[in-house]
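Contents: one structure, followed by commentary.
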Amino acid sequence: MDELRWELQVPIFKNNLILKQIGIAIGIPFGALILFLFIIKAWYGLILISMTFLLTLLMIILLFRGTYDVRYVINRQGVSCHTQEKQKKLVRRLAFITCILGLLSANPTAAGAGLLSTSGTEIHIAWNRIRKVKYMEQKKTIRLYGGYGESITLFCTKENYIDVKRHIYEWKGDSL
């Protein structure tokens, strides 16, 4: 079987899976912080966090057009997920700016966040590392789980979902 490739712009604020993951990653720690600030009546802290959330939302809408631009490759080596080139350049620029500003302000947390922010732009899981596949027919989405913390979500179109599913089944086979 030959290689399968496709590109997609996934709307961040309309995709339940992405919103759920953002909710877990941001909602739990910031929810606890907001609750704590509310209990101790730190109103200025709550206002500051609210403004930061609004600024982040605005940046996602303006800079990234509210989409996650992704390119997938399925071949004999495994499954790869890449941020599309235009968005990857923007992520790298923002990461560089964050790192430099973190260093200039003597804030190692910000500098480290800038360095780490580009780590998810290219993900590859070899076939022998895939442990579980979850098919979500209605959403035309396939989740591939590898080792610890290793996963790829394949957002498919209505047209290519069956073909992607067939490729995964043929490459991975019955060992799932």
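All of the numbers you see were taken from the coordinates with simple rules; none came from a lab. Quantities reported herein were computed from a predicted structural model and do not represent experimental measurements. Cβ: placed from backbone, ideal geometry, glycine included. Neighbour counts: every protein chain shown.
Go through the stretch 1-59 and count every residue that is among the small types (G, A, S) and either in contact (Cβ under 8 Å) with a residue 24 or more places away in the chain or touching a strand residue (DSSP E or B) at 6+ places or on another chain (Cβ under 9 Å) (or both).
Result for the stretch 1-59: 0.
Could you say whether any residue in the stretch 118-133 is surrounded by fewer than 16 Cβ atoms within 10 Å (Cβ to Cβ) and under 19 Å from N15 (Cβ atoms)?
Yes, the stretch 118-133 contains a residue that is surrounded by fewer than 16 Cβ atoms within 10 Å (Cβ to Cβ) and under 19 Å from N15 (Cβ atoms).
May I ask you to list the residues in the stretch 22-47 that are farther than 30 Å from E7 by Cα and surrounded by 12 or more Cβ atoms within 10 Å (Cβ to Cβ)?
Matches in the stretch 22-47: F30, L33, I34, L37, F38, A42, G45, L46.
Conditions first: (1) over 18 Å from the mean Cα position of the chain (by Cα); (2) on the phi > 0 side of the Ramachandran plot. R65 passes all but one, so which condition is the exception?
Result: R65 fails condition (1) only.
Given the conditions (1) touching a residue at least 24 places away in the same chain (Cβ under 8 Å); (2) surrounded by 14 or more Cβ atoms within 10 Å (Cβ to Cβ), which single one is not true for K140?
All conditions are met except number (1).
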